[in-house]
Amino acid sequence: MKILVIGYGSPIRGDDALGVLVADRLEQDGVPEHVTVIARHILTAELVTEMSAVQRVIFLDAAIDLAPGTVRCQRLTPTARAASSMAHFLDPQELLGWCTALYGHAPESHLITGGGASFDYADYRLSPAGEFAMTAMLAEIEPLLYA
Amino acid sequence: MSRTISIEPVTRIEGHARISLQLGDDGAVEDARFHLTQFRGFEKFCEGRPYREMPALTARTCGICPVSHLLASNKACDHLLAVSIPPTAEKLRRIMNLAQFLQSHALSFFHLSSPDLLLGWDADPATRNIFGVMHQHPDLARDGIRLRQIGQTIIEMLGGKKIHPTWVVPGGVNEPLTQEKRDAMLKLLPEALEIARRTYDFFKTLLPKFKHEADHFGTLPTMFLSLVTPQGNLEHYDGLLRIKDAHGRIVEDMVPPEEFERLIGEAVENFSYMKFPYYKPMGYPQGIYRVGPLARLNNAQACGTPYADVALAEFHMLQESGPITSSFHYHYARLVEIIYAIEMMERLLKDSTILDSRVRARARSNRNEGIGVSEAPRGTLIHHYRIDDDGLITWVNLIIATGHNNLAMNQAIKQVAETYVNGNQLQEGMLNRVEAVIRCFDPCLSCASHAFGQMPLRIELKNASGQIVDTLIRVGECGA
């Protein structure tokens, strides 16, 4: 099974960097050969081709509607809403919708979000609650990296 | 009884722009204004920062074309250092710029504008969107994705996978190209060229359907500004400034970019935070000009690559004589530039010196004023800095491509509104055409100009006493 991990968020807005930093940490620590990890500021259209070539996608993001330091895991399904700006996507489900429309299938998908405490300017630095969420996110990802 | 139609927000990018149409007693459009209501202040808050931070700071001006700001900013810094960067570094920067053109133009054509072009201006908005295109033209939609991916992949191969790469630096680039990466990039280009040529040929078959739009979508007698090579050919990274008028007469030529202030003035209006650049010798607002793909092709005698030159010759034949004045043909010009970008990247990657290890000139600041000019996908981009003797920024001015086109966008909206707006009865097709003329320019504002179909819009038709006569609301699904 091929797995794609996509961490996204702004690296200069405090805990919004959670997805990116978790992706970076995964890469640093090493992942199995069947796993590809990428980090993005925003989700963009061309990611669909990479998504179409794998069996599972794990999105990593920060959330403001979660208690700081906590983590939420969701299964995602494709949506055919044309709500994004095309330059960037706010919703990974729309990307999955593109994947289905263009390639006839979408991979099994998970969204792991960590609750942040501070989204003020901070270059690749997390708040203590963000650090806690990062550790919890890494723990949630671990079993998903294997079939 | 005069009335005003207000379209707000035009842009969903934080919802900071709107259009207002002023109607006369007979319901005809008398004036149109494009209001950018977003204020950011980049030029001000960069003051006091070390000039070497400017590329990283200004790249964050834009999430869509950070590479353009990265390049213009580093060119301004090169100027501050008073160095000529190594030839290989210049070629590598050019490749990154062209890759940015590839992915940016692909986004504009395939995903932002194709629903109008393929499904029709008056199609049901519920299906006039990217999913409608995917349903009816899946191959074309996949082609668009693939071109974007190839452009983005080349940028990443050069700059590294980090968000906002720091590979381009004052004095050149900080790492030479490896043979492995060069070969990997070259491998991508034949497929890209095949897609680009196929799309170009397909687009030409669509043109007869859009004759009316081509005649009324910002068909304006403006001048055109762009960089050109010393031979007068298409240029995207360096070169000299050329201005051509609507009749094809060259008004200014071979002007060193450092002298741009002699050509360009900037006016302000109280209805927009976007400035209004104009050709200084003609004054404001007579000195209206356009930039971007249309201007670059109008100003270029040749592209200098085989397929793009054929396409350029066909582009010039869209009108019997003179420059192409219809803003609708920005779409055409983008496709020609995509072909050019691919061909030129291949040529540069095959250059015998492209793997040279000397890619950076090192120096301290050697002057107190630096100007960097390059072509961004949307047009000429100017970064102008002043620093003190400690290298701290004391003053910044950025003239971005969308700003250059501000006067023209206002006039284009007016022209479309005059042609299509019935002041007494608002129609969805009118809304879409007003949006569509903005998309021709591909302004970087803008979730709004980068969204379609479901863009949230509210148009109110009021009489002179402020009473709402008619309202048309389209609710967007996305609130960012």
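Some observations on this one:
- Each principal axis of the Cα cloud of region A:3-144 was taken in turn, and the coordinate range along them, longest first, works out to 43, 34, 22 Å.
- Karplus (6.51, -1.76, 1.60) ³J(HN,Hα), θ = phi - 60°, over region B:93-105, in Hz, Gly and Pro reported as x: 4, 4, 4, 4, 4, 5, 5, 5, 4, 4, 6, 6, 5
- Cα-centre dipole for region B:220-325 with unit charges at Cβ (Lys and Arg positive, Asp and Glu negative), debye to 20: 200 debye
- Average other protein chain Cβ within 10 Å of Cβ, residues A:40-51: 5
- Principal axis box of chain B, alpha-carbon based, largest edge first, Å: 67, 50, 45
- Order of B:D124, B:D238 under a 10 Å beta carbon neighbour criterion, fewest first: B:D124, B:D238
- Per-residue 3J(HN,Hα) values for region B:215-229, derived from phi via the Karplus relation 6.51 cos²θ - 1.76 cosθ + 1.60 with θ = phi - 60°, read 7, 10, 9, x, 7, 10, x, 8, 7, 10, 10, 6, 7, 9, 6 Hz in sequence order (x marks Gly and Pro).
- Rg over Rh for the protein assembly as shown works out to 0.96, using Cα positions for both radii and the Kirkwood form for Rh.
- Between B:I264 and B:K280, the built amide H atoms are under 5 Å apart, and every one of these is 5 or more places off in sequence or on another chain.
- Residue order for A:M1, B:M274, B:M54, fewest other beta carbons within 10 angstrom first, comes to A:M1, B:M274, B:M54.
- Inter-centroid distance (Cα atoms) of region B:43-104 relative to region B:224-268, Å: 20 Å
- Take every pair of alpha-carbon atoms less than 8 Å apart whose residues are at least six positions apart; their mean separation over the length of chain B yields a relative contact order of 26 percent.
- When the listed pairs B:K75/B:K244; B:K211/B:K244; B:K204/B:K244; B:K91/B:K350 are checked against a 19 Å cut-off, the alpha-carbon distance exceeds it for B:K75/B:K244; B:K211/B:K244; B:K204/B:K244.
- Tail fraction, Cα-Cα pairs, region B:220-325, threshold 16 Å, whole percent: 58 percent
- Degrees between helix B:330-349 axis and first principal axis of chain B (Cα, 0 to 90, nearest 10): 10 degrees
- Put the Cα centre of region A:15-60 next to the Cα centre of region B:327-402 and the gap is 30 Å.
- Distance between modelled label sites at A:A139 and B:R40, nm, 7 Å Cα→Cβ extension: 4.0 nm
- Sites B:N270 and A:R81 - FRET efficiency at Förster radius 25 Å, r taken between beta-carbons, to 0.05: 0.10
- Counting other Cβ atoms within 10 Å as a rough exposure proxy, the listed residues B:E259, B:E266, A:E33, B:E343 run A:E33, B:E259, B:E266, B:E343 from fewest neighbours to most.
- Among B:M96, B:G292, B:T178 the positive-end extreme of the charge dipole of the protein assembly as shown (Cβ point charges): B:T178
No lab work stands behind these numbers, since they all come straight from the coordinates. Quantities reported herein were computed from a predicted structural model and do not represent experimental measurements. Cβ atoms come from the backbone with ideal geometry, glycine included; neighbour counts cover every protein chain shown.
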